[in-house]
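Encoded as structure tokens, the structure appears first; notes follow it.
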Amino acid sequence: MKNIKRALLGTTLVGALVVSAGFGTYSWFTSETSAAGEIVNGTLQLNNGQNITEKIIDGVDFAPSQLKYGEWMTIDNTGSQNSHIKATLNQSLDKDININKYKVGYIALKYKEKPNEDVLKASKIKLEKLFDGTTNVVDTFQAAGNEIEVAPGVTAVTGIVGEDGVAGYKAGSNKEWTLGEGTNKPFWRLKSDQYIDVVFAIKLDESANNEYQGVKYTADLKVQAKQADEGSKYDGE
């Protein structure tokens, strides 16, 4: 009996040893490393996504030879991406007559720090010298020289709508004119936090006859921005 107990005890001990060996722990030398990253997209935005509140033009009792100024309108690159600007001026009359009797001039100033009001006023005054023929200014500005004087760091462009070969200047009661489109016009490339101020002036040519009496001229400006990178497109293209 004692021998049987010893044999069983021996068998139990062997099993215990086997189980212990199966659940034993071993160790090796190890090492590891890791990496992580993220990318945040930039933003492309004009005027914080808000519409321009200033008016392109506003007035009544307009007549041949008169010149009327609009308000200075600001185009602000409030995004983080450099952009190209395309500004499209749409014009129409409420009567089916030739809209080309309305001459439209503009001045645009680009800057990073806003020029003072004297600079804006002087630039606005001097725009009248761009128009041919008899020009009577409706506003209270006085005639000035032909040169546009701007503050340091401010770039200026000026011209008459339709006289630089841009499509859209043709006979009819409406027309569309595009200002500053694409990479070939560096003035209309806006870096982040850069501004463009633009003002329009409308003149009814002195040759306009009685059929223009009581006519209403309407203009609206659509401003679009696209990435400055090659191959980028405006919305809808």
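Where strands (runs of 3 or more DSSP E) fall wholly inside the stretch 56-112, the ranges with 3 or more residues that are farther than 23 Å from Tyr234 by Cα are 66-69, 102-111. Scanning the stretch 211-237 for residues that are assigned to a loop (DSSP other than H, G, I, E, B), modelled with pLDDT of 90 or more and among the hydrophobic types (A, V, I, L, M, F, W, C) gives a single hit, Val215. Filtering the stretch 47-75 to residues that are within 22 Å of Gln227 (Cα to Cα), in contact (Cβ under 8 Å) with a residue 40 or more places away in the chain and open to solvent by 20 Å² or more (accessible area, probe 1.4 Å) leaves Ile52, Thr74. Within the stretch 91-124, if we keep just the residues that are within 22 Å of the chain's Cα centre (by Cα) and among the basic types (Lys, Arg), the residue that is nearest to Tyr217 (Cα to Cα) turns out to be Lys110. Could you list all residues from the stretch 76-107 that are open to solvent by less than 10 Å² (accessible area, probe 1.4 Å) and touching a helix residue (DSSP H, G or I) at 6+ places or on another chain (Cβ under 7 Å)? Passing the criteria: His84, Ile85, Gln91, Gly105, Ile107. Taken over the stretch 37-73, residues that are closer than 24 Å to Thr88 by Cα and either acidic (Asp, Glu) or in contact with an Asp or Glu (Cβ under 8 Å, 6 or more places away or on another chain) (or both) amount to 14. Of all the numbered requirements in (1) at pLDDT below 90; (2) surrounded by 15 or more Cβ atoms within 10 Å (Cβ to Cβ), Thr183 misses one, and that requirement is (2). Taken over the stretch 204-223, the criterion of being in contact with a Leu (Cβ under 8 Å, 6 or more places away or on another chain) and either β-branched (Val, Ile, Thr) or surrounded by 12 or more Cβ atoms within 10 Å (Cβ to Cβ) (or both) is satisfied by Tyr212, Val215, Tyr217, Thr218, Ala219, Leu221, Val223.
Among residues of the stretch 205-217 that are under 23 Å from Lys55 (Cα atoms), those with a beta-carbon under 8 Å from a residue that is in a loop (DSSP other than H, G, I, E, B) and aromatic (Phe, Trp, Tyr) at least six positions away or on a different chain give the pairs Tyr217/Phe62. The set of residues in the stretch 88-129 being of a type in the set (Ser, Thr, Tyr) and at pLDDT below 80 consists of Ser123 alone.
The values are calculated or read from the model by the stated rules, or taken from the named source; none is laboratory data. Note that the structure is predicted; figures quoted are calculated from it, not measured. With ideal geometry, Cβ positions are generated from the backbone for all residues, glycine too; neighbour counts draw on all protein chains shown. Side chains included, ligands, DNA and RNA excluded: accessible areas come from the protein's heavy atoms. Shrake-Rupley method; radii C 1.70, N 1.55, O 1.52, S 1.80 Å.
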